[in-house]
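Remarks on the structure that follows.
The values are calculated or read from the model by the stated rules, or taken from the named source; none is laboratory data. Everything numeric in this text was worked out from a predicted model, so none of it was measured. Cβ atoms come from the backbone with ideal geometry, glycine included; neighbour counts cover every protein chain shown.
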Amino acid sequence: MPELPEVEVVRRGLAAHLRGRYLTGVEVLHPRAVRRHSAGIDDFQATLEGRTFAEPRRRGKYLWLPFTDGDALVVHLGMSGQFRVDDEPADDRHTRVRFHLDDGRQVRFVDQRTFGGVHLSVEGAELPTEIAHIGRDPFDPEFDIEDAISRFRRRRSGVKRALLDQAIVSGIGNIYADETLWRCRIHPERACERLSRHAWREIIDAATAVMKEALAQGGTSFDALYVNVNGESGYFERGLAAYGREGSPCQRCGALIVREAFMNRSSFRCPRCQRTPPGTGALIRRPHQTGPRVVKS
DNA sequence: ACTAGCACCTGATCGC
DNA sequence: TGCGATCAGGTGCTAG
């Protein structure tokens with residue numbers, strides 16, 4: 001569920017609560033939450049005790065919480081993961097791991113669908129080896145847009161599939177991919193290699209802009225499954241132009257947004273603005289089409 | 001090496 | 001009211 005903006009909201013929330021804190025104990029309540037910790041549950045609980053947190057970091061949708069000793073706690077929220085820091089007793093049904101801090105507070109990893117998880121990465125403070133394959137996200141100071149464009153243009157797949165590939169540019173999920181392509185007026189099945197460098201630059205810029213706007217609104221929330229560490233929802237749902245708006249008029253042209261099956265999930269697009277048909281037939285007929293029109297924000 | 005498809009889970013909602 | 005089908009924002013593994 002959480003994409004880059006939502007994960008960044010969580011990172012900031014954790015930073016505020018973990019700064020200068022150390023762990024006095026850890027309780028694993030569901031084994032699946034630590035399945036990526038190869039040494040097992042008992043080791044996970046025991047090894048973390050006494051460690052002091054440094055500044056939480058993020059790449060794409062991955063979080064890691066470095067310790068001052070050079071190791072790190074790697075976190076992925078999956079589809080439904082949350083971190084909660086509550087002053088009052090809260091719904092504990094989906095609490096998977098409870099972290100006890102030296103200030104008496106507890107941080108809970110809550111995850112209904114258990115696609116998310118946590119594990120210790122030895123010497124992972126700078127960059128856990130487990131997530132070295134994840135590409136830099138557009139907010140990374142070392143993000144190389146020219147390299148990203150080159151890699152996108154080498155992909156033999158549709159544009160949306162490539163945007164969801166975390167190894168090229170990380171952080172973009174189903175929602176922000178749809179929003180990005182709506183802004184750029186590009187059909188999700190357009191072939192990657194047929195888009196110009198200029199078009200790809202516009203796509204990456206649009207993805208960066210929409211995620212930046214979402215972050216400023218505290219992220220996108222459709223329900224209680226995505227909330228910040230205090231249990232509060234973000235407000236970017238009202239900023240969405242395509243995702244989840246099946247049957248509503250396109251804000252640009254008035255055509256009704258359609259929903260289509262894509263990779264076992266849904267894609268939303270404007271049938272008029274994002275009209276270039278998929279398939280090689282269209283590409284063969286229009287091999288020298290000019291670059292896509294792009295919305296300037 | 002790259003790409004597509006599926007497995008991994010629980011719970012809310014929809015149609016009958 | 002109850003039941004099965006469907007759907008949900010992600011990643012990793014594996015077969016081709």
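Values computed for the structure shown
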{"read-out": "Unmet requirement for A:Phe99, which otherwise passes all of (1) more than 28 Å from A:Ile168 (Cα to Cα); (2) surrounded by fewer than 20 Cβ atoms within 10 Å (Cβ to Cβ)", "value": "(2)"}
{"read-out": "Residues satisfying the stated conditions in the range A:90-104, i.e. touching a helix residue (DSSP H, G or I) at 6+ places or on another chain (Cβ under 7 Å) and among the basic types (Lys, Arg)", "value": "A:Arg96"}
{"read-out": "Which numbered condition A:Leu63 misses (of (1) under 18 Å from A:Ile134 (Cα atoms); (2) touching a Gly at 6+ places or on another chain (Cβ under 9 Å))", "value": "(2)"}
{"read-out": "Unmet criterion (only one of (1) buried (at least 18 other Cβ atoms within 10 Å of the Cβ); (2) within 14 Å of DNA strand C (Cβ to nearest atom); (3) of a type in the set (A, V, I, L, M, F, W, C)) for A:Phe115", "value": "(1)"}
{"read-out": "Any pair with Cβ under 8 angstrom, 6 or more apart, that starts in the range A:36-58 at a residue that is in the same structural domain as A:Arg19 (by TED's automatic domain parsing) and free of Cβ contacts under 8 Å to residues at least 40 places away in the same chain and ends at one that is assigned to a loop (DSSP other than H, G, I, E, B) and surrounded by 15 or more Cβ atoms within 10 Å (Cβ to Cβ)", "value": "A:Asp43/A:His37; A:Arg51/A:Asp71; A:Thr52/A:Arg21; A:Phe53/A:Arg21"}
{"read-out": "Odd one out for A:Glu27 among (1) out of contact with any strand residue (DSSP E or B) (no Cβ under 6 Å at 6 or more places or on another chain); (2) assigned to a strand (DSSP E or B); (3) of a type in the set (Asp, Glu)", "value": "(1)"}
{"read-out": "Where A:Arg35 falls short, out of the listed (1) in contact with a Lys or Arg (Cβ under 8 Å, 6 or more places away or on another chain); (2) farther than 25 Å from A:Asp137 by Cα; (3) among the basic types (Lys, Arg)", "value": "(1)"}
{"read-out": "Residue in the range A:196-213 that is at pLDDT 95 or above, assigned to a loop (DSSP other than H, G, I, E, B) and either touching a Phe, Trp or Tyr at 6+ places or on another chain (Cβ under 9 Å) or over 30 Å from A:Arg84 (Cβ atoms) (or both) present", "value": "yes"}
